[in-house]
Amino acid sequence: MSNIAEITKKAALAFEQYAFTTPLQRAHFLETIATNIEALGDSLLEQANKETNLPLPRLTGERGRTCFQLRMFATMLKEGNYVEASIDTAIPTKTPPKPDIRKMMHPIGPVVVFGASNFPFAYSTAGGDTASALAVGCSVIVKAHPAHLATSNMVAEAIVQAAKATQMPENVFQHVTETSFESGKELVQDDNIYAVGFTGSRTGGRALLDYASSRKNPIPVFAEMGSVNPVLLLQDALEKNAETIAKNYAGSITLGMGQFCTNPGILVGIKSDALNTFANTLATEMNAIAPSAMLHAGIESAYLKNSTHALAQKGITSLTKNTPSSNNGFPVLTTVDADTFLSNPDLAEEVFGPYSILVQCNSMEELKEVWKSIKGQISTTIMGTDLDFSNAPELLNMSLQIAGRVLLNGVPTGVEVCDSMVHGGPYPASTDSRFTAVGVNAAKRWLRPISFQNWSNHLLPLALQNNNSLGIWRNINGGLTKDEVVS
Ligand code: NAP
């Protein structure tokens, strides 16, 4: 038996017990993981800083977000409503008689999580995928990202110790540090695995989806992939505020050296003096930002290769002074006209790093054509005033078709962790646009509904028993209530 097969077998054995732990037991487990991560103190931050080049203040914030997420899922468990209990009581007098049917969500099974290099905490070992899967009762195997293995090992140990301290089943969490595509493929294709969480590149996410779909028994892959987060710059907004908008966008494009999946990579506007002011100000601001080290050599060389490729395309002009020869992440702003953009699909591809392309259109009709050509995205943004929106109201509805998050007058970087956040979108932003990877609803990815038909009350899970001892909201015969079922 291979090493991977042994690991997945252990995850399956752990799941048999873990799926039936109580929500309160799992809440205690998640809170203990958060406490253990915090207890690692500066040594964890320093290790991540060494491996990722991310500055300490950014890492401190990301660690805070990671622990917040763990505690958010603990709160979800204490409230208990996530099981979406539903009860249809029997009507024996109906023809034919209606049986007693009750439904609730149940953990899907052992899950494999692939972490991203650009979020060593929040989208990695104890990140949102792991926290949400452990919350609902799935055992988890994390495939550590090779770019921050030592950081991942420290966090993994914090999780293992938390599992021991809270008497969770052995191997409820396992950490794989073999860095090869083969081990990733074997994990995804192993019979004991029931779902996959991934954050990373489109190539990586697509490969995992294909591995999962070609299994004898295909399983869901929830992959969050690259995105160019297009921005529409409408006329009245630019006329009123071109310089301020440009300054805000210079900050957003170069934030963290552009290494965010929400980085605004395509800007679209109609040719005008105001658009020229915007472009010139943005280029000046980006020129003033010093290049700095990127996450790792692989990301740096991919940025050099992809930005060089973009700049070599016919009809493209660079507005910034950097040339792709520097060793670090050098901010680049390019521009093309709409015709060129529409005829060359390469120009719409993500260049992961501090890069953005400004597409200049001749008319509103052309702008709409560009907007329609945009494939699935994590976010879209429209910079506009009420006058702009009344001139072209259809742009709002068109945006809903493109992305999981539609912003008006803001920047797409910065993802709030809250119940209403959607972090995902139509392919290729993610592999399943019905779900979010951020916020409490991320837990829905690891649950499946089960109907319990004709079960005696005492055999049912607590959430579905008549007396509602958990005090949760339940849909009883079509109405939401915390009442008991009167039998
Ligand atoms: P990556 O290169 O795709 O790597 C992520 C993980 O996937 C690694 O563990 C890697 O395995 C594995 N992997 C990649 N291709 C594989 C294959 N063909 N078979 C098996 N395993 C494979 O991504 P990254 O460099 O970490 O992250 C950068 C990208 O992530 C950017 O495009 C960015 O936009 C995107 N991103 C998206 C989000 C989001 O929420 N949507 C968030 C952050 C980043 P190995 O360990 O063996 O190399």
Please name all residue pairs, on different chains or six or more residues apart, with Cβ atoms under 7 Å, provided the first residue is in the stretch 464-487 and is hydroxyl-bearing (Ser, Thr, Tyr) and the second residue is open to solvent by 30 Å² or more (accessible area, probe 1.4 Å).
469/462
Can you report the number of residues in the stretch 213-228 which are away from the ligand (no atom under 11 Å from the Cβ) and outside any loop (DSSP other than H, G, I, E, B)?
2
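Looking only at the stretch 64-80, decide whether some residue is open to solvent by 30 Å² or more (accessible area, probe 1.4 Å), within 16 Å of the ligand (Cβ to nearest atom) and charged (D, E, K, R).
Taking the stretch 64-80 as the starting set, the residues that turn out to be open to solvent by 30 Å² or more (accessible area, probe 1.4 Å) are 64-65, 68, 71, 75, 78-79.
Of the ones still in play, those that are also within 16 Å of the ligand (Cβ to nearest atom) are 65.
Adding the requirement that they be charged (D, E, K, R) leaves 65.
Yes, because at least one residue in the stretch 64-80 is open to solvent by 30 Å² or more (accessible area, probe 1.4 Å), within 16 Å of the ligand (Cβ to nearest atom) and charged (D, E, K, R).
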Would you confirm whether or not the stretch 30-39 contains a residue that is more than 21 Å from the chain's Cα centre (by Cα) and assigned to a loop (DSSP other than H, G, I, E, B)?
no
Here are some residues: 304, 311. Which one is within 16 Å of the ligand (Cβ to nearest atom) and of a type in the set (A, V, I, L, M, F, W, C)?
304
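Considering only the stretch 359-399, how many residues are in a helix (DSSP H, G or I) and farther than 13 Å from residue 233 by Cβ?
16
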Tell me which residues, restricted to the stretch 189-202, are hydroxyl-bearing (Ser, Thr, Tyr) and more than 6 Å from the ligand (Cβ to nearest atom).
194
Test: residue in the stretch 15-26 that is surrounded by 14 or more Cβ atoms within 10 Å (Cβ to Cβ), within 12 Å of residue 162 (Cβ to Cβ), touching a helix residue (DSSP H, G or I) at 6+ places or on another chain (Cβ under 6 Å) and in the same structural domain as residue 190 (by TED's automatic domain parsing)
yes
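Applying the selection to the stretch 171-212, what residues are in a helix (DSSP H, G or I), without any contact (Cβ under 8 Å) to a residue 24 or more places away in the chain and among the polar types (S, T, N, Q)? Give the derivation first.
First pass over the stretch 171-212, keeping only residues in a helix (DSSP H, G or I): 181-189, 202-212.
Going one step further and asking which of them are without any contact (Cβ under 8 Å) to a residue 24 or more places away in the chain, we end up with 182, 203, 210.
203 - this is the single residue of the stretch 171-212 that is in a helix (DSSP H, G or I), without any contact (Cβ under 8 Å) to a residue 24 or more places away in the chain and among the polar types (S, T, N, Q).
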Within the stretch 155-183, which residues are open to solvent by less than 60 Å² (accessible area, probe 1.4 Å) and more than 16 Å from the ligand (Cβ to nearest atom)?
158, 159, 160, 162, 163, 166, 168, 169, 171, 172, 173
So which residues in the stretch 295-322 are within 20 Å of residue 261 (Cα to Cα) and part of a loop (DSSP other than H, G, I, E, B)?
295, 296
Note on the stretch 27-43: residues in contact with a Lys or Arg (Cβ under 8 Å, 6 or more places away or on another chain) and surrounded by 21 or more Cβ atoms within 10 Å (Cβ to Cβ) are 27, 30, 34, 37
Those residues that are touching a strand residue (DSSP E or B) at 6+ places or on another chain (Cβ under 9 Å), open to solvent by 10 Å² or more (accessible area, probe 1.4 Å) and either part of a loop (DSSP other than H, G, I, E, B) or of a type outside the set (D, E, K, R) (or both), I need them from the stretch 129-154; list them, please.
145, 153
Going by the conditions given, is residue 262 of a type in the set (Val, Ile, Thr), within 16 Å of the ligand (Cβ to nearest atom), surrounded by 15 or more Cβ atoms within 10 Å (Cβ to Cβ) and in the same structural domain as residue 381 (by TED's automatic domain parsing)?
yes
Could you list, in sequence order, the residues of the stretch 207-235 that are open to solvent by 20 Å² or more (accessible area, probe 1.4 Å) and under 30 Å from residue 270 (Cα atoms)?
235
Taking the stretch 329-358 on its own, how many of its residues are over 30 Å from residue 297 (Cα atoms) and outside any helix (DSSP H, G or I)?
1
Quick test for you: out of 274, 250, pick the one residue that is touching a residue at least 12 places away in the same chain (Cβ under 8 Å), assigned to a helix (DSSP H, G or I) and farther than 25 Å from residue 57 by Cα.
274
Exactly one of (1) more than 22 Å from residue 6 (Cα to Cα); (2) within 11 Å of the ligand (Cβ to nearest atom); (3) open to solvent by 50 Å² or more (accessible area, probe 1.4 Å) is unmet by residue 186. Its number?
(1)
Is there a residue being within 16 Å of the ligand (Cβ to nearest atom) and hydrophobic (A, V, I, L, M, F, W, C) anywhere in the stretch 98-108?
no
Looking at the stretch 387-402, is at least one residue surrounded by 15 or more Cβ atoms within 10 Å (Cβ to Cβ), within 16 Å of the ligand (Cβ to nearest atom), closer than 30 Å to residue 141 by Cα and not basic (Lys, Arg)?
no
Name the pairs whose Cβ atoms lie under 6 Å apart, with the first residue in the stretch 121-132 and on the phi > 0 side of the Ramachandran plot, the second open to solvent by 10 Å² or more (accessible area, probe 1.4 Å) and within 14 Å of the ligand (Cβ to nearest atom), and 6 or more positions between them or separate chains?
none
Given the conditions (1) open to solvent by 20 Å² or more (accessible area, probe 1.4 Å); (2) within 31 Å of the chain's Cα centre (by Cα); (3) on the phi < 0 side of the Ramachandran plot, and given that residue 333 satisfies all but one, which numbered condition is not satisfied?
(1)
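Let's see how each residue does on (1) within 16 Å of the ligand (Cβ to nearest atom); (2) touching an Asp or Glu at 6+ places or on another chain (Cβ under 7 Å); (3) under 23 Å from residue 348 (Cα atoms):
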| position | (1), (2), (3) |
| --- | --- |
| 205 | yes, no, yes |
| 230 | yes, no, yes |
| 237 | no, yes, no |
| 246 | no, yes, yes |
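The values are calculated or read from the model by the stated rules, or taken from the named source; none is laboratory data. Small disclaimer: the values here were computed from a predicted structure and weren't measured. Note: ideal-geometry Cβ built from the backbone for every residue, glycine included; neighbour counts use all protein chains shown. Keep in mind that these areas ignore ligands, DNA and RNA; they rest on the heavy atoms of the full protein, side chains included. Shrake-Rupley method; radii C 1.70, N 1.55, O 1.52, S 1.80 Å.
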